[in-house]
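The values are calculated or read from the model by the stated rules, or taken from the named source; none is laboratory data. Keep in mind the model is a prediction, meaning the values are calculated, not measured. So basically every Cβ, Gly included, is an ideal-geometry build from the backbone, and we count neighbours across all protein chains shown. The area values use the complete protein model at the heavy-atom level, side chains included, leaving out ligands, DNA and RNA. Shrake-Rupley method; radii C 1.70, N 1.55, O 1.52, S 1.80 Å.
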Amino acid sequence: MATTTTHAPAPLLHTIVLDWYREHARDLPWRASDASPWAVMVSEFMLQQTPVKRVLPAYQAWLERWPTPASLAEDAPGEAVRMWGRLGYPRRALRLHAAASAIVERHGGEVPTEHAELLALPGVGEYTAAAVASFAFRQRHAVLDTNVRRVFARAVTGEEYPAQATTAAERRTAVELLPDHPEVAAQWAVGVMELGALVCTARSPECGGCPLRAHCAWDRAGRPPYQGPARRGQSYEGTDRQVRGKLLAVLREAHGEVPQHRLDAVWPEPVQRSRALDGLIIDGLVEPVAPGVYRLPQ
DNA sequence: AAGTCGTGGCC
DNA sequence: TGGCCAAGACT
């Protein structure tokens, strides 16, 4: 099947994005030339669904305490959960700790360089494996995060937002547009992401400052609003997630064992409270030490 | 494959 | 105000 190319020649797009990135890229610590692969991996875990601004201080503190996978693996998983603080989705802390252990066990303490090996680590999915391989090891991979998907949806497909789940067509676009040379591909990947983060944003894109405007299908079509199915929201008030958050906050700040009554105090409804606590235990975020006594996992 | 999983900031 | 969104992974 022949590939239909409706966008500008790829090499032109590459030049535009690389030039724009060189001029406008944020100075983020995990992009520094001396950032280790481990540092890049830590940043990617933290950036899964958490904004850059909130990640920055946590990232610095984390790497000061655990500058290598081995140093984290030697500590208790509960310490990782505590250091995670209020970044949200604390299972990521547990998975990062498990990934560090796997790196020690399977890779001699060095972050693996192969995409497949990265993908096999706990908490590392398609995106994170590609991101670490690209950003830390300067390899050629299609890096499809929410920013890149949005830029492609607009510039290539002419739609305001991508579909809920990543489609095969999106992967084809990403691969088709990937520069041949690995180092150029790595710069392209981070450049498109940055463009999505700073200019081609979800709510109020600044098309006036977009280097791709002349080549953007969505802009050419008059920037029609999103037509697809309603994107499901993330309700939070009154959910188990909220209760879990409150319970875990108590355990994080306790530095030791916590009696039942202190957990009971955070949520009045006993059935939901109990269900939330059970969920935390099942997830390994909380450890029961005796009847009615809990702590972070050791 | 649609749901679940935290937290905070923005308009 | 409250819904929407933020470098996803997992089941």
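About its Cα centre, chain A has a charge dipole of approximately 840 debye under the convention of +1 per Lys or Arg Cβ and -1 per Asp or Glu Cβ, with nothing else charged.
What accessible area per residue comes out for the stretch A:240-295, rounded to a whole number of Å², with a 1.4 Å probe? Don't skip to the answer; put the middle values down first.
Details: 2900 Å² over 56 residues.
For the stretch A:240-295, the per-residue accessible area is 52 Å².
Computed with every protein chain present, the accessible area of A:Thr128 is close to 10 Å² [probe 1.4 Å]. Calculated mean residue ellipticity, 222 nm, chain A: -15500 deg cm²/dmol, from DSSP H runs (n ≥ 4) at -39500 (n - 2.57) each, averaged per residue and rounded to 500.
Ordering A:Arg65, A:Arg275, A:Arg22, A:Arg82 by how much accessible area each has at a 1.4 Å probe, largest first, what is the list? Working shown, then result.
On the way: A:Arg65 90, A:Arg275 120, A:Arg22 160, A:Arg82 45 Å².
Ranked list, largest accessible area first: A:Arg22, A:Arg275, A:Arg65, A:Arg82.
Using the Kirkwood formula over every pair of different C-alpha atoms, what hydrodynamic radius in Å results for the stretch A:201-298?
Working: mean 1/r = 0.0586 Å⁻¹.
Value: 17.1 Å, from the Cα pair sum.
Surface analysis of the stretch A:36-135 yields an accessible area of 42 Å² per residue, using protein heavy atoms and a 1.4 Å probe. Between the helical axis of A:270-282 and the longest alpha-carbon principal axis of chain A there is an angle of about 70 degrees.
Sorted on the mean count of surrounding Cβ atoms within 10 Å across their residues, most packed first, peptides A:167-175, A:190-198, A:67-75, A:218-226 read A:190-198, A:67-75, A:167-175, A:218-226. For the stretch A:69-90, no residue has its backbone nitrogen under 14 Å from a point 7 Å from the Cα of A:Lys246, taken along Cα to Cβ. Across the accessible surface of chain A, with the other protein chains kept in place and a 1.4 Å probe, carbon and sulfur atoms take up 53 percent. Placing unit charges on each Cβ (+1 for Lys and Arg, -1 for Asp and Glu) gives chain A a dipole about its Cα centre, and among A:Ala221, A:Ser101, A:Ala129 the Cα reaching farthest toward its positive end belongs to A:Ala221.
Counting only protein chain heavy atoms and rolling a 1.4 Å probe, the accessible areas of A:Thr15, A:Thr239 rank, largest first, as A:Thr15, A:Thr239. Here A:Ile16 sits with roughly 30 square angstrom of accessible surface, probe radius 1.4 Å. Each 5 Å bin from zero up to the one holding the largest Cα-Cα distance in the stretch A:1-122 carries the following percent of pairs: 2, 10, 18, 19, 15, 11, 8, 8, 6, 3, 1.
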